[in-house]
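Presented below is the structure to which this report refers.
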Amino acid sequence: MSRRKPHLLAYALLVVTAIVFAFPLMWMVLSSLKPSTQLVEDPYAFLPREWRWSNYVEAVQAMPYVRYLRNTLLLAGGSVLGTVLSCSLVAYGFARVRWRGRNMLFGILMATMLLPWHVTMIPRFLLLRELGLYNSLSALIVPTFLGDAFFIFLLRQFFLTIPEELSEAGRLDGLGEWGIFSRIIMPLSFPALTTVALFQFIASWNDFSGPLLYLSDPDKFPLAYGLEQFVSSYADQTHLLLAAATLFTLPIVVIFFFTQRTFLQGIATTGLKG
Amino acid sequence: MSANFRRNLTGFAFVSPWLIGLGLLFVYPFAASLYWSFCRYDLLSPPEFIGTEHYQRLASEIATGEGFGKAIWNTGYFALLSVPLSIAIGVGLATMLSWNVRGQAVYRTLFFLPSVVPIVASSVLWIWLLDPRDGILNRFLQSVSLPSQLWFKGATEAMTPPDFLDFGSKDALVLMSLWGVGNFMVIYLAAMGDIPTQLYEAAELDGAGRVRKFWHVTVPTLSPVIFFNLVMGMIQSVQAFTQVYIVSEGTGEPASWSLMLSLHLFLSAFQDLDMGYASAMSWLLFVFLLVSTALLFRTSRHWVHYQGAGR
């Protein structure tokens, strides 16, 4: 707030708060490396008696981890592709082509963001089942090819900042709207497209209710759902549960560290997601 | 073809993926669930029109506090605790990060990190941290001579006087949601960065101390974000599902104490196959959210200050 030199008290408060927020994760990682006997006999010891990296091997073997991971990557990859393709097209239509009804439809788009998913959940489920998508990852991927209001909004805002002169120059060179979109706007929008891809990847990685609704065959489960199944069957094997949870969290944390800038800016400028 | 017509066609072509989605994933489901809310529909036989029966059942459940009524109570309890606390903690953390200290980026990362943890993983983590017997938090409470709590296994509510210090499943869910407050914190932090320093300087000239500067400069300029947090927090609480499902293994037990609206709706639809009842519930929820969002917008005129709005 003020530019004066802060109190010692301020530092103390910051450190304590940081410990409170960091402790659960740190405790999870440390405990995931403890021998299972230690977790039973002396669960509150801070450090592992010995560092049991083999807990991770065991956890991966206890569930079809590789299959779950493959399904997750398929789901996330397909969804990122669908989202980036559809949302950039739609956002271009809303941002850079002037046509009748554009503003009205954009208003409707914004309104759909406020709709609770409950209202559409049941008919949507039955519709996708009718289309033969039940028990298939496609039930979760296909809808991403039809756009997402939040990401469309985000991309539209970005497209609006690109000077109209660039489009004009393209037109003079004989480009149509498609050419302007694919050759001028898309290459310039790399940061915004990365943000969308990043958020969609994380959303798919984390998605639990989608697989819960649409998937019944364990062979098709992604990690998020597989992990929950694992929890119910391995409730007494804390070391494996924690190792599995850590392993599931790690990629997201790594992604966050590598893309911190994009990540925080994306949240700060658009509200939220994730 | 006239140029105008061509342009309209081009625009439509670009937005067509979303238009198809709007029809299939919004307009049709919207209309269908409204119709089914007046039907008996168990998926096995076609929907059968029965009038307002489901709505009457929902109304009577509100009156008796069972089923839907219970879910409303649980959700309301969760929202009324978690939303104001998340605002207070979000603003608090952002304020701390705006102090001119060394290592600010480290603190920011540590405060924010919990909010990127996937909700399935954080549910697993908190079930274990809050285990009534072996959990580390109860251990900590004991070490400072406070009573252990039942947390996710508890069917008490810290509302009524004798239970005031007993924390049950919903309190545990609140705690878990506050741990992930980082998203809002980042928005507050960004908004604080936009506050012109002249405002603080002017306040200082008027003799304002730290506290008054906070209440009279920081809070009013943050009010649009607080408002955003309030609306989003309300919508998110009503829709909270994954963590509620996981910590109660999809049951809302013990004693339906964490049976929140979205879980009740899910179970009514996909376990009891009572699509009509679930649809009616979803419409009531929708109307409730619509009305309360509108009301919040209305009150916002009195307490939300937009910078440069020229008023």
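The values are calculated or read from the model by the stated rules, or taken from the named source; none is laboratory data. Predicted model only: the values in this text are computed from it and were never measured. All Cβ positions, glycine included, derive from the backbone under ideal geometry; neighbour counts span all protein chains shown. To get the accessible areas, we keep the full protein, side chains included, count just its heavy atoms, and leave off ligands, DNA and RNA. Shrake-Rupley method; radii C 1.70, N 1.55, O 1.52, S 1.80 Å.
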Helical mean residue ellipticity (222 nm; -39500 (n - 2.57) per DSSP H run of 4+; nearest 500) of chain B: -20500 deg cm²/dmol
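Between chains B and A, what is the buried accessible area summed over both chains (1.4 Å probe, protein heavy atoms, nearest 100 Å²)?
Values: alone 18650 and 16860 Å², together 27240 Å².
For chain B against chain A, roughly 8300 Å² becomes buried.
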Most fluctuating residue given options A:V66, A:V20, A:V254, as computed from a GNM of chain A linking Cα atoms under 10 Å: A:V20
Of the residues A:S88, A:S204, A:S36, which exhibits the maximal mean-square fluctuation in a Gaussian network model of chain A defined by a 10 Å Cα contact cut-off? A:S36
Taking the Cβ of A:L172 as the centre, find all other residues whose Cβ is under 15 Å away and add up their charges (Lys, Arg: +1; Asp, Glu: -1). -3
Take the Cα radius of gyration of chain B and divide it by 2.2 N^0.38 Å, with N its residue count; two decimals is plenty. 1.23
To the nearest Å², the heavy-atom accessible area per residue of chain A with 1.4 Å probe amounts to 46 Å²
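Roughly speaking, what % of Cα-Cα pairs in segment A:63-233 are separated by over 24 Å, rounded to a whole number? Intermediate results must be reported in sequence, preceding the final value.
Values: 6599 of 14535 pairs.
Tail of P(r) above 24 Å: 45 percent of Cα pairs.
With a ≥ b ≥ c the root eigenvalues of the C-alpha gyration tensor of segment A:1-139, is it rounded (a/c under 1.5), prolate (a/b larger than b/c) or oblate? Don't skip to the answer; put the middle values down first.
Details: a/c = 3.07, a/b = 1.44, b/c = 2.14.
Verdict is oblate for segment A:1-139.
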Calculated FRET efficiency for the pair B:L199/A:S216, C-beta based, R₀ 56 Å, to 0.05: 0.45
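Which semi-axes, in whole Å and largest first, does the equivalent ellipsoid of segment B:7-112 have when worked out from the alpha carbon gyration tensor as the square roots of 5 times its eigenvalues?
Details: eigenvalues 375, 192, 21 Å².
Three semi-axes, in Å: 43, 31, 10.
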Mind grabbing the base-10 log of I(q)/I(0) for segment B:96-233 at q = 0.19, 0.20 Å⁻¹? Debye formula, identical points on the C-alpha positions, no solvent, two decimal places. -1.11, -1.14
What residues in segment B:114-136 lose 50 Å² or more of accessible surface when the other protein chains are added to their chain alone (1.4 Å probe)? B:V116, B:P118, B:V120, B:V124, B:L125, B:W128, B:I136
Please give the calculated 222 nm ellipticity per residue for chain A, where each DSSP H segment of at least 4 residues contributes -39500 (n - 2.57) and the sum is spread over every residue; nearest 500 deg cm²/dmol? -22000 deg cm²/dmol
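Which net charge results for the neighbourhood of B:F140, defined as the other residues with beta-carbon distances under 15 angstrom from its beta-carbon, given Lys and Arg at +1 and Asp and Glu at -1?
Values: positive: B:R133, B:R139; negative: B:D131, B:D134.
Taking every other residue near B:F140 into account, the sum is 0.
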With the contact rule set at Cα under 8 Å and sequence spacing of 6 or more, what percent relative contact order holds for segment A:63-233? 45 percent
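In debye, nearest 20, what is the charge dipole magnitude of segment B:180-311 about its Cα centre with +1 on Lys and Arg Cβ and -1 on Asp and Glu Cβ, if you could check?
Working: 6 positive and 8 negative charges, 117 e Å.
Approximately 560 debye in magnitude.
Computed over the Cα atoms, what is the radius of gyration of segment A:8-58 divided by 2.2 N^0.38 Å, N being its residue count? Don't skip to the end; give the middle numbers.
On the way: Rg = 14.3 Å, N = 51, 2.2 N^0.38 = 9.8 Å.
Its radius of gyration relative to the 2.2 N^0.38 Å reference: 1.46.
Which FRET efficiency value, to the nearest 0.05, do you get for B:L141 and A:S233 by plugging their Cβ-Cβ distance into 1/(1 + (r/R0)^6) with R0 = 41 Å? Don't skip to the answer; put the middle values down first.
Numbers: r = 30 Å, r/R0 = 0.74.
That gives a FRET efficiency of 0.85.
First obtain the Kirkwood hydrodynamic radius of the protein assembly as shown from its Cα pairs, then insert it into the Stokes-Einstein equation at 37 °C and 0.692 mPa s, and state the resulting D in µm² per second as a whole number.
On the way: Rh = 26.0 Å.
For these conditions, the coefficient is 126 µm²/s.
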Which residue fluctuates the most in chain A, going by a Gaussian network model with Cα springs under 10 Å, if the choices are A:V90, A:V57, A:V142? A:V57
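For segment B:222-297, with all protein chains present and a 1.4 Å probe, just round the carbon and sulfur fraction of the accessible area to a whole percent. Show your work: numbers first, answer last.
Values: 1690 of 2400 Å².
Carbon with sulfur: 71 percent of the solvent-accessible area.
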